[in-house]
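Here's the structure we're looking at; comments come further down.
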Amino acid sequence: MPEAALHVGSGKVRELYALDDERLLLVASDRISTFDVVLPTEIPDKGRVLTGLSAFWFSRTRGICPNHLLALGDNGRSTECRRLEMLPIECVVRGYLAGSGWKDYRATGAVCGHRLPAGLDESAQLPEPIFTPATKATTGHDENIDREQALALMDSNLFDEAERLSIELYRFAAEYARERGIVIADTKFEFGVDAGGRLVLADEALTPDSSRFWPADEYRAGAGQPSFDKQFVRDYCEALGWDKTSPGPELPADVVAGTRARYIEAFERLTGLSFGDYLADPSVVLR
Ligand code: Q0Z
């Protein structure tokens with residue numbers, strides 16, 4: 001951490017610092033959340049895995065759209081990035097019916113104004129990926145919105161371009177990940193606008209914290225799917241009978257070790273690199 005960096009924001013498991021007027025430092029901690037609660041036990045190297053994966057995707061998707069990444073920290077957990085004017089919406093893409101998408105579909109037959117075929121099962125793959133934007137809740141939960149609601153918050157040309165880029169990024173990553181045994185059921189992108197008015201992909205991208213990753217070999221529509229990364233944590237918390245209010249439970253060593261191994265497995269499957277090589281030199285994900 002540079003001495004002079006000013007703290008400008010906290011996420012559940014990340015911190016944001018200002019380096020100067022044009023640059024931010026995004027730092028991913030090893031904290032883990034489940035059922036919307038940050039647990040008291042950390043998963044060693046989780047922040048490094050997510051930082052490395054995000055940087056890997058930024059590097060691989062430069063041909064689709066520019067991104068905010070300027071440099072990776074030597075510690076593997078921080079990203080130096082361009083400071084942008086962020087869009088007021090979360091750019092969510094869904095390829096499968098899960099979470100609030102499944103809930104909304106069951107209630108109305110549509111998600112964010114996208115009318116879907118009748119009779120789809122939970123976790124079903126959609127005929128085409130859909131763009132399902134959400135508001136950025138400062139407290140509580142993001143709310144799914146349709147195009148018209150989004151246009152009350154932002155310019156229509158920027159909305160259309162964010163939709164097009166989001167779908168293209170998702171298609172590219174989902175196809176790539178599927179060949180490596182991971183279903184990316186849905187994902188959330190955040191875009192900013194640079195001084196020239198161009199859309200730039202920002203924040204973290206295509207990580208298990210910003211997406212639903214499912215093990216492809218266990219995928220079967222008609223029920224909820226196990227999480228690629230957090231399933232040991234969820235199973236442990238469910239077995240405890242914890243009421244899902246803060247504070248969450250401490251995790252035992254075997255749950256920590258199993259979960260850490262899953263994060264590293266996701267990193268290694270997707271990047272084709274050994275995580276040890278990333279720790280020795282984080283720039284390996286950028287080549
Ligand atoms: C990202 C967030 C975090 C708390 C602002 N390149 C950028 N330019 C301007 N703003 C942002 C970015 Cl990435 C920006 N967030 C989300 C991240 C902690 C909030 F690590 N907020």
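Listed by position, the strands (runs of 3 or more DSSP E) contained in the range 9-97 that have at least 1 residues being among the aliphatic types (A, V, I, L, M) and touching a Phe, Trp or Tyr at 6+ places or on another chain (Cβ under 7 Å) are 23-28, 69-72, 89-96.
Against the condition under 22 Å from ILE264 (Cβ atoms), without any contact (Cβ under 8 Å) to a residue 60 or more places away in the chain and near the ligand (Cβ under 10 Å from one of its atoms), how does SER10 come out, does it pass? The answer is no for SER10.
Taken over the range 111-128, the criterion of being open to solvent by 50 Å² or more (accessible area, probe 1.4 Å), closer than 27 Å to PHE35 by Cβ and not in a loop (DSSP other than H, G, I, E, B) is satisfied by GLN125 alone.
The set of residues in the range 58-110 that are of a type in the set (Gly, Ala, Ser), within 27 Å of ASP194 (Cβ to Cβ) and open to solvent by less than 20 Å² (accessible area, probe 1.4 Å) comprises SER59, GLY73, GLY76, SER78. Of all residues in the range 231-262, those satisfying the criterion of being touching a strand residue (DSSP E or B) at 6+ places or on another chain (Cβ under 8 Å) and either of a type in the set (Val, Ile, Thr) or open to solvent by 20 Å² or more (accessible area, probe 1.4 Å) (or both) are VAL233, ARG234, LYS244, THR245, SER246, PRO247.
Please determine whether any residue of the range 129-138 is more than 19 Å from ASP203 (Cβ to Cβ) and either of a type in the set (Ser, Thr, Tyr) or not in a strand (DSSP E or B) (or both). Looking through the range 129-138, none of the residues is more than 19 Å from ASP203 (Cβ to Cβ) and either of a type in the set (Ser, Thr, Tyr) or not in a strand (DSSP E or B) (or both). Could you tell me whether THR61 is more than 15 Å from the ligand (Cβ to nearest atom) and over 20 Å from THR271 (Cα atoms)? So THR61 does not fit the description; no. Among the residues of the range 149-177, those identified as small (Gly, Ala, Ser), under 17 Å from ALA134 (Cβ atoms) and within 21 Å of the chain's Cα centre (by Cα) are ALA150, ALA162, SER166. Of all residues in the range 157-174, those that are open to solvent by 20 Å² or more (accessible area, probe 1.4 Å) and closer than 21 Å to ASP142 by Cα total 4. For the range 175-226, give me each residue that is touching a residue at least 60 places away in the same chain (Cβ under 8 Å), hydrophobic (A, V, I, L, M, F, W, C), within 27 Å of LEU87 (Cβ to Cβ) and open to solvent by 10 Å² or more (accessible area, probe 1.4 Å). Across the range 175-226, the qualifying residues are VAL193, LEU199. Do we have any residue at all in the range 263-270 that's among the small types (Gly, Ala, Ser), open to solvent by less than 20 Å² (accessible area, probe 1.4 Å), in contact (Cβ under 8 Å) with a residue 24 or more places away in the chain and in contact with a helix residue (DSSP H, G or I) (Cβ under 9 Å, 6 or more places away or on another chain)? Yes: the range 263-270 contains one or more residues that are among the small types (Gly, Ala, Ser), open to solvent by less than 20 Å² (accessible area, probe 1.4 Å), in contact (Cβ under 8 Å) with a residue 24 or more places away in the chain and in contact with a helix residue (DSSP H, G or I) (Cβ under 9 Å, 6 or more places away or on another chain). Taken over the range 9-26, the criterion of being of a type in the set (A, V, I, L, M, F, W, C) and touching an Asp or Glu at 6+ places or on another chain (Cβ under 9 Å) is satisfied by VAL13, LEU19, LEU24, LEU25, LEU26. Would you check if SER100 is part of a helix (DSSP H, G or I) and away from the ligand (no atom under 16 Å from the Cβ)? In short, yes. Report, by residue number, each residue of the range 201-258 that is within 13 Å of the chain's Cα centre (by Cα) and either of a type in the set (Lys, Arg) or at pLDDT below 95 (or both). Of everything in the range 201-258, just one residue is within 13 Å of the chain's Cα centre (by Cα) and either of a type in the set (Lys, Arg) or at pLDDT below 95 (or both), namely ARG212.
Residues in the range 209-242 that are within 16 Å of the ligand (Cβ to nearest atom) and not charged (D, E, K, R): 2 in all. Of everything listed in (1) touching a strand residue (DSSP E or B) at 6+ places or on another chain (Cβ under 7 Å); (2) charged (D, E, K, R); (3) open to solvent by 60 Å² or more (accessible area, probe 1.4 Å), the single unmet condition for ARG14 is (3).
For the residues SER274, SER246, SER283, the requirement of being more than 21 Å from PHE56 (Cα to Cα) and of a type in the set (S, T, N, Q) singles out SER246. Tallying residues that are closer than 15 Å to LEU69 by Cα, surrounded by 18 or more Cβ atoms within 10 Å (Cβ to Cβ) and within 15 Å of the ligand (Cβ to nearest atom) within the range 20-52 yields 7.
The values are calculated or read from the model by the stated rules, or taken from the named source; none is laboratory data. All values derive from a computational prediction rather than experimental measurement. No Cβ is skipped: glycine too gets one built from the backbone with ideal geometry, and neighbour counts run over all protein chains shown. SASA here: full protein model, heavy atoms, side chains in, ligands and nucleic acids out. Shrake-Rupley method; radii C 1.70, N 1.55, O 1.52, S 1.80 Å.
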